[in-house]
Amino acid sequence: MSNVDPNNCPPQFVFEMMVAQIARRFLTEDKSAEEIVAETVEAFSDLYSILDLDADLLGGLERLFGFIESVQITDVDLMLLSFIWYSANYEKLDLKRKKKPLFGNPLKGQPRLTARVYNSAVAFKAFAYAMGANKAPIKPTEWKPTDEVEFESIFALLFPEDFKKEDKPA
């Protein structure tokens, strides 16, 4: 169990990125959702409180796949990766995220939102429909998770294989 303050939960946009990356891993790895969630929770245990995080991530994953099954998405991986990029870079469709605010840190832990599972599903659904209407930005083709230097502490945990590749000399 984490020694982190139980009120130090991931901000909503970080939670949403976690759910999307777990979904990506579930679709590509030969592991159960519970195993991937457990690995993710363990990875984030030094940054945030993990109290109820596993149950919320599984709930978020269930809602996410429920929506994905209800609509026709041709490239689910691209959609999920674009959502992760979008969540890191935009607060809303027309509002870029302030990654270096004058005061505070956007990655600072926050009290747990009781509706964070529902909110993550709503955010993904809104993004998916906005993409379908050509209103939401899609991730740039040259973007890599290692490009997110301001949020490296989060992206290094979400995409450890990409950060290991960057560390290796060419």
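The values are calculated or read from the model by the stated rules, or taken from the named source; none is laboratory data. What you are looking at is a predicted structure, and each value in this text was computed from that prediction instead of being measured. Here the Cβ is made from the backbone with ideal geometry for all residues, glycine too, and neighbour counts use every protein chain on show.
Which one is farthest from ALA23 (Cα to Cα) among residues in segment 38-47 that are free of Cβ contacts under 8 Å to residues at least 60 places away in the same chain and assigned to a loop (DSSP other than H, G, I, E, B)?
The extreme case among them is ASP46.
So which residues in segment 109-149 are basic (Lys, Arg) and either on the phi > 0 side of the Ramachandran plot or within 15 Å of the chain's Cα centre (by Cα) (or both)? Before you say what the answer is, go through the steps one by one.
Step one: filter segment 109-149 for residues basic (Lys, Arg), giving 112, 116, 125, 135, 139, 144.
The answer is ARG116, LYS125, LYS139, LYS144.
Please state which of the following conditions SER87 fails to meet, knowing it meets all the rest: (1) over 14 Å from ALA128 (Cβ atoms); (2) modelled with pLDDT of 95 or more.
Answer for SER87: the failing condition is (1).
Within segment 6-31, track down each residue that is without any contact (Cβ under 8 Å) to a residue 40 or more places away in the chain, touching a helix residue (DSSP H, G or I) at 6+ places or on another chain (Cβ under 8 Å) and either under 18 Å from ILE154 (Cβ atoms) or not in a helix (DSSP H, G or I) (or both).
Our first condition is that a residue be without any contact (Cβ under 8 Å) to a residue 40 or more places away in the chain; within segment 6-31, this holds for 22, 25-26, 29-31.
Cutting the leftovers down to touching a helix residue (DSSP H, G or I) at 6+ places or on another chain (Cβ under 8 Å) gives us 22, 25-26, 29, 31.
Within segment 6-31, ILE22, ARG25, GLU29, LYS31 meet the criteria.
Return only the number of the condition from (1) in a loop (DSSP other than H, G, I, E, B); (2) without any contact (Cβ under 8 Å) to a residue 60 or more places away in the chain; (3) not polar (S, T, N, Q) that ARG112 does not satisfy.
(2)
Name the residues in segment 89-98 that are assigned to a loop (DSSP other than H, G, I, E, B) and either among the aromatic types (Phe, Trp, Tyr) or within 15 Å of MET17 (Cα to Cα) (or both), would you? Break it down stepwise before answering.
The first filter runs over segment 89-98 and keeps only residues assigned to a loop (DSSP other than H, G, I, E, B), leaving 93-94, 97-98.
Correct list: ARG97 only.
Do we find that ALA133 is surrounded by fewer than 16 Cβ atoms within 10 Å (Cβ to Cβ), at pLDDT 90 or above and over 19 Å from GLN12 (Cβ atoms) in this structure? Talk me through it step by step, then tell me what you get.
Details: surrounded by fewer than 16 Cβ atoms within 10 Å (Cβ to Cβ): yes; at pLDDT 90 or above: yes; over 19 Å from GLN12 (Cβ atoms): yes.
It is true that ALA133 is surrounded by fewer than 16 Cβ atoms within 10 Å (Cβ to Cβ), at pLDDT 90 or above and over 19 Å from GLN12 (Cβ atoms).
Out of all the residues in segment 11-27, is one or more surrounded by fewer than 18 Cβ atoms within 10 Å (Cβ to Cβ) and among the acidic types (Asp, Glu)?
Taking every residue of segment 11-27 in turn, none turns out to be surrounded by fewer than 18 Cβ atoms within 10 Å (Cβ to Cβ) and among the acidic types (Asp, Glu).
Can you pull out the residues in segment 48-74 that are within 15 Å of the chain's Cα centre (by Cα), surrounded by fewer than 18 Cβ atoms within 10 Å (Cβ to Cβ) and not in a helix (DSSP H, G or I)?
Passing the criteria: none in range.
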